[in-house]
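Every read-out reported here was derived from the displayed coordinates using simple, explicitly stated rules and does not represent laboratory data. The structure presented is a predicted model; accordingly, all values stated were derived computationally and were not measured. Note that each Cβ is placed from the backbone with ideal geometry, even for glycine, and that neighbours are counted across all protein chains shown.
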């Protein structure tokens, strides 16, 4: 985290509806250096049947860090 706080990338509805394309766009931004490397990341998905998958991503993605980041993200979304 920087002194200013983490960078929040808005996932606007347009252009982010197709999950595979959205994930590829994020990967492209990471590879191009447009986004900083990920220390801890969280990806939560749900399919049409309601099955939920949770992915902890990055070298520091242990359970406590992932849960903390998820809660922090929740507060950033809600305001």
**Q.** Added length on full extension, which subtracts the Cα-Cα distance from 0.36 nm per residue, residue 67 to residue 20
**A.** 14.5 nm
Q) Rounded to whole Å and sorted largest first, what semi-axes of the equivalent ellipsoid does the C-alpha gyration tensor of the range 38-79 yield via the square root of 5 times each eigenvalue? A) 19, 15, 8
Q: Would you calculate the separation in nanometres between label points at residue 27 and residue 75, each defined as 7 Å from the Cα along the Cα-to-beta-carbon direction?
A: 3.3 nm
Q | Nitroxide proxy distance, nm - points 7 Å out along Cα→Cβ at residue 38 and residue 53 | A | 1.3 nm
